[in-house]
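S.K.: Got a structure for you, questions after.
We did not get these values from a lab; they are worked out from the coordinates using the rules stated. Here the structure is a predicted model, which is why all the values come from computation and not from measurement. Positions of Cβ are generated from backbone atoms using ideal geometry, with glycine treated the same way; all protein chains shown enter the neighbour counts.
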Ligand code: ZN
């Protein structure tokens, strides 16, 4: 009798433990953030960078990633576009690795609804280039790659003062020669950048300048100095910023150029700082919080840090 009791106890204990483990398993799966990466057209190597971005996100253990791919560049057949119907509401956040033709109207409307209802957006590098003819998009991202008639420009002068150049004045969007440059954290309290060195060295990359747009409600997290010697503007240009839109948050990072056929050992996406911005930016856009720690090997003011 005593023995049977003891066995019962053991079995029910084991069952309870198993149930607990299952519940824990369920809750950690439910805690994962669902990210939809959009690609399909880009003047950059999205065929190789989308899997790399997936890997960067997934290795944090915080995300489940999915990919929606548009028809290829130049395909204007409406039937081909019929298959591109991302169910945005099924995801917490959209990461755009897309720079191409404007999406069909129903996709644009669905995307606007998604953001209005609290969906997050993380734009990577050339993702701020497309859609000049989509006003809601320009409002959501604030600054885009446009000529000088595409909107105002925002930058910082030598004394750290924020300047605003009106539409039609000053340079078009562009970039000088690629080179390593220092990223300056302008907001050290924001969850995405909190704990980063004030200045950290980013490896050879494009440094976009004079981005243009409505630039309303801009929260600039980081800038970089665009030197005249490199073909830039002589101003500190916004590199990472976010904008509130409806209940949603849109984060844009201009870092991370990867050209077609570029040797992966030279990808700017390997920068630990770039990866911190993408992972923490995606998490923050989705939830308003950051739990992903900074990489142990963050770059410092004079040393780049490249991850595998
Ligand atoms: Zn580029």
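S.K.: Expressed as a rounded percentage, what relative contact order does segment 55-138 have, with Cα pairs under 8 Å and six or more residues apart?
M.R.: Rounded, it is 27 percent for segment 55-138.
S.K.: Please compute, over every Cα-Cα pair in segment 34-287, the percentage with a separation greater than 28 angstrom.
M.R.: That tail contains 27 percent of the Cα-Cα pairs.
S.K.: When you count, for each residue, the other Cβ atoms within 10 Å and take the mean per peptide, how do 289-299, 109-119 rank with the highest first?
M.R.: Ranking the peptides 289-299, 109-119 by packing returns 109-119, 289-299.
S.K.: Zone of residue 85 (label point 7 Å along Cα→Cβ, backbone N under 20 Å): which residues in segment 115-147?
M.R.: Flagged as within label range: 115.
S.K.: At 222 nm, what helix-only mean residue ellipticity would the chain give, in deg cm²/dmol to the nearest 500, using -39500 (n - 2.57) for each DSSP H run of four or more? Let's see the in-between values first.
M.R.: On the way: 6 runs with 83 residues, N = 308.
Per the formula, -8500 deg cm²/dmol.
S.K.: Also: Sort 209, 190 so the one with the fewest other Cβ atoms within 10 Å of its own Cβ comes first.
M.R.: Taking fewest neighbouring Cβ atoms as first place, the list is 190, 209.
S.K.: While we're on this one: Relative contact order for the chain using alpha-carbon pairs under 8 Å, separation at least 6, rounded to a whole percent?
M.R.: With pairs under 8 Å counted, the relative contact order is 18 percent.
S.K.: So what's the angle, to the nearest 10 degrees on a 0 to 90 scale, between helix 46-58 and the longest Cα principal axis of the chain?
M.R.: Taking the Cα atoms of the chain, the angle to 46-58 is about 50 degrees.
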